[in-house]
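**Student:** Attaching a single structure in structure tokens format; questions to follow.
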Amino acid sequence: MIGISFTPLIPYIPEFLRGIRATIIYASVSLCLACVVGLVVAMARRSAAAPLRWVAQGYVDLIRGTPALVQIFFIYFGLPALGIYIAAPLAGIIAIGLNSAGYLAEIFRAGIAGVDGGQIEAGRSIGMSRNQTFRRVVLPQALRLAVPAAAGEFTSLVKGTSLLSTISITELTRVAQQVVSVTFRPIEAYLAVALVYLVLNTAISQASAWLERALRRGEGLA
Amino acid sequence: MTPLPVTAAKPAAAPGHPVLRLRGLVKTFKTHPVLCGIDLDVARGSTVAIIGPSGSGKSTLLRCINHLEKPTAGVIEIDGKPTESHTSASRRERERELNAMRATVGMVFQRFNLFSHRTALANVMEGLLVVKRLPRAEARQAALAMLDRVNMAHKVDAHPAQLSGGQQQRVAIARALVMQPSLMLFDEATSALDPEMVQEVLNVMRSLSEDGLTMLVVTHEMGFAREVADRAIFMDAGLVIEDDVPERLFTRPQRERTKAFLRNVRR
């Protein structure tokens with residue numbers, strides 16, 4: 001039995017740092033995509049046009065009812081069979097972003113539904129249009145209501161980027177795999193990587209808690 | 001300090017036009033009739049109180065006037081202008097007309113409905129900025145003056161959650177009033193208030209009435225209806241049952257249903 005020692009990993013610190021950077025970048029870009037698509041889907045689910053609602057509902061069901069790994073494989077390995085070639089980094093971002101969007105859509109929808117109807121009536125009663133009322137009254141309050149659940153989804157997204165190691169994207173988890181294959185130190189390497197994910201997600205939770213407090217005081221988005 | 005004007009400069013409507021004119025207003029929810037043909041004129045500068053049992057259609061009547069509820073049938077005219085012109089082509093255009101109409105009709109809700117993510121001042125500025133598109137400085141000045149008018153100058157930076165019910169309702173009145181509406185609708189504005197806060201809101205309403213604001217007030221405050229209103233209307237089952245000067249309606253009601261209702265509220 002070999003004792004635990006992190007020393008053999010030290011030469012690979014630059015690789016780990018590159019992996020951390022890649023994970024943060026993939027997570028951030030996917031997150032932006034997820035927020036935009038998620039909001040659009042959430043709004044489509046409240047649309048007056050029934051077909052739009054069905055499409056949005058179908059999207060949410062599809063995303064939530066299938067494994068993220070299958071979605072990633074479908075986009076990276078499946079689409080080329082249809083003549084659609086997407087480079088791994090872009091395919092990864094699209095897959096993770098669209099996956100998270102399915103969950104965020106439900107979170108945003110719940111936030112929007114949670115805004116008191118009287119708020120909308122008040123906006124309309126002073127002459128604001130439907131759009132103005134949505135943008136200026138409903139959305140800021142809906143986002144505030146959505147903060148805790150959305151933060152939970154963001155941490156899922158960060159963890160989900162580890163799946164990208166399967167399509168040869170060199171993010172943190174894949175760096176760990178590579179380091180293990182040369183150092184034979186799986187416990188140390190995966191412990192280190194786990195710790196990094198933990199730190200990233202703790203930061204997200206803290207930021208979310210801070211944002212919630214700020215919004216409760218009426219600052220921030222308001 | 002001279003009192004601030006609370007009404008708009010008189011619009012181009014012909015003199016003698018009632019501010020509000022209703023003819024045959026009907027509202028049906030699914031198959032359930034709530035308003036069964038309401039005719040009503042409200043003269044400029046008058047305060048009209050509407051009383052009646054719950055479920056009589058009072059609130060629905062107010063909500064139909066500014067189309068928060070879509071009327072099933074009938075004519076609504078504000079300042080002589082029908083709220084629904086059947087000539088305008090597109091849905092978008094009709095929507096725009098309705099928005100413009102709502103900007104001229106203020107509404108005060110039972111549950112205040114202040115924008116909970118904005119300060120008192122920002123609540124009052126919102127319509128000026130977004131609907132009237134005033135420059136920020138101008139909107140701010142008008143909003144501050146209106147908050148002063150409802151005795152809320154000391155709380156302009158507070159969020160709704162930091163205000164009492166009575167304070168919130170006064171801010172809500174300022175938010176509606178700052179748009180210089182030709183007509184103000186009060187939908188049970190004091191019903192959700194703790195008893196000790198009812199009076200501060202009624203005082204503001206009384207002073208607005210004295211300043212000549214045109215007001216349609218659905219209320220359970222019989223004292224207010226009697227002392228402040230120029231006219232009192234008793235509604236039941238979606239109909240105007242009796243329409244008279246308050247003194248007579250409260251002391252010598254003509255109709256059986258009015259008598260029964262007043263007996264019950266007095267106990």
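The values are calculated or read from the model by the stated rules, or taken from the named source; none is laboratory data. Values in this document were obtained by computation on a predicted structure and should not be read as measured data. Note that each Cβ is placed from the backbone with ideal geometry, even for glycine, and that neighbours are counted across all protein chains shown. Areas reflect the complete protein model, heavy atoms only, side chains present, ligands, DNA and RNA absent. Shrake-Rupley method; radii C 1.70, N 1.55, O 1.52, S 1.80 Å.
**Student:** Within region A:181-192, identify whether any single residue is over 30 Å from residue A:64 (Cβ atoms) and polar (S, T, N, Q), and answer yes or no.
**Tutor:** Yes: one or more hits.
**Student:** Now, a different point. Within region A:78-129, how many residues are within 14 Å of chain B (Cβ to nearest Cβ) and over 21 Å from residue B:111 (Cβ atoms)?
**Tutor:** Number of matching residues: 1.
**Student:** Residues in region A:61-73: is at least one surrounded by fewer than 19 Cβ atoms within 10 Å (Cβ to Cβ), among the aromatic types (Phe, Trp, Tyr) and in a helix (DSSP H, G or I)?
**Tutor:** yes
**Student:** Suppose we filter B:114, B:129 for residues that are within 21 Å of residue B:173 (Cβ to Cβ) and over 21 Å from the mean Cα position of the chain (by Cα); which single one remains?
**Tutor:** Answer to the selection: B:129.
**Student:** Taking region A:135-174, which residues are open to solvent by 20 Å² or more (accessible area, probe 1.4 Å), more than 14 Å from chain B (Cβ to nearest Cβ) and more than 16 Å from the chain's Cα centre (by Cα)?
**Tutor:** Once the filter is applied, which keeps residues that are open to solvent by 20 Å² or more (accessible area, probe 1.4 Å), more than 14 Å from chain B (Cβ to nearest Cβ) and more than 16 Å from the chain's Cα centre (by Cα), region A:135-174 yields A:166, A:168, A:170, A:173, A:174.
**Student:** Further question: Can you tell me which residue in region B:105-127 is surrounded by the most Cβ atoms within 10 Å (Cβ to Cβ), limited to those that are among the small types (Gly, Ala, Ser) and facing chain A (nearest Cβ under 7 Å)?
**Tutor:** B:127
**Student:** Can we say residue A:177 is closer than 30 Å to residue B:68 by Cβ, surrounded by fewer than 20 Cβ atoms within 10 Å (Cβ to Cβ) and free of Cβ contacts under 8 Å to residues at least 24 places away in the same chain?
**Tutor:** Answer is no for this residue.
**Student:** Could you tell me whether residue B:185 is open to solvent by less than 30 Å² (accessible area, probe 1.4 Å) and within 12 Å of chain A (Cβ to nearest Cβ)?
**Tutor:** Spelling it out, residue B:185 is indeed open to solvent by less than 30 Å² (accessible area, probe 1.4 Å) and within 12 Å of chain A (Cβ to nearest Cβ).
**Student:** Can you name every residue in region B:28-74 that is of a type in the set (A, V, I, L, M) and open to solvent by 10 Å² or more (accessible area, probe 1.4 Å)?
**Tutor:** Residues satisfying the conditions are B:34, B:43, B:68, B:73.
**Student:** Suppose we filter A:42, A:68, A:122 for residues that are more than 22 Å from the chain's Cα centre (by Cα) and of a type outside the set (Ser, Thr, Tyr); which single one remains?
**Tutor:** Only one candidate passes the filter, namely A:122.
**Student:** Residue check: is residue B:247 part of a helix (DSSP H, G or I), modelled with pLDDT under 95 and under 19 Å from the mean Cα position of the chain (by Cα)?
**Tutor:** Criteria not met by residue B:247.
**Student:** Please return the ranges of helices (runs of 4 or more DSSP H) entirely within region A:88-134 where 2 or more residues are in contact (Cβ under 8 Å) with a residue 60 or more places away in the chain and open to solvent by 10 Å² or more (accessible area, probe 1.4 Å).
**Tutor:** Counting at least 2 such residues, we get A:88-114.
**Student:** Could you list, ordered by first residue, the pairs with Cβ atoms under 8 Å in which the first is in region B:249-267 and over 17 Å from residue B:224 (Cα atoms) and the second is open to solvent by 60 Å² or more (accessible area, probe 1.4 Å) and part of a helix (DSSP H, G or I), at least 6 apart or interchain?
**Tutor:** B:253/B:259
**Student:** Give me the pairs: first residue in region A:75-86 and without any contact (Cβ under 8 Å) to a residue 60 or more places away in the chain, second residue aromatic (Phe, Trp, Tyr), beta-carbon distance under 8 Å, and six or more apart or on different chains, which are they?
**Tutor:** That search, which allows pairs on different chains as well, returns A:79/A:85; A:86/A:76.
**Student:** Does residue A:26 fit the bill of being of a type in the set (Ser, Thr, Tyr), surrounded by 18 or more Cβ atoms within 10 Å (Cβ to Cβ), farther than 17 Å from residue A:108 by Cα and within 15 Å of the chain's Cα centre (by Cα)?
**Tutor:** yes
**Student:** Just to be sure, is residue B:21 out of contact with any helix residue (DSSP H, G or I) (no Cβ under 9 Å at 6 or more places or on another chain), modelled with pLDDT of 85 or more, in a strand (DSSP E or B) and open to solvent by 40 Å² or more (accessible area, probe 1.4 Å)?
**Tutor:** So residue B:21 passes the test.
**Student:** Just checking, does region B:101-115 include any residue being assigned to a helix (DSSP H, G or I), in contact with a helix residue (DSSP H, G or I) (Cβ under 8 Å, 6 or more places away or on another chain) and without any contact (Cβ under 8 Å) to a residue 40 or more places away in the chain?
**Tutor:** Within region B:101-115, one or more residues are assigned to a helix (DSSP H, G or I), in contact with a helix residue (DSSP H, G or I) (Cβ under 8 Å, 6 or more places away or on another chain) and without any contact (Cβ under 8 Å) to a residue 40 or more places away in the chain.
**Student:** Considering only residues that are closer than 19 Å to residue B:100 by Cα, within 9 Å of chain A (Cβ to nearest Cβ) and among the aliphatic types (A, V, I, L, M), which ones fall in region B:130-177?
**Tutor:** B:130, B:131, B:176
**Student:** How many residues does region B:126-139 hold that are assigned to a helix (DSSP H, G or I) and either touching a residue at least 24 places away in the same chain (Cβ under 8 Å) or among the basic types (Lys, Arg) (or both)?
**Tutor:** 4
**Student:** Next question. Going through region B:37-96 one residue at a time, which ones are closer than 20 Å to residue B:26 by Cα, among the aliphatic types (A, V, I, L, M) and part of a loop (DSSP other than H, G, I, E, B)?
**Tutor:** B:68
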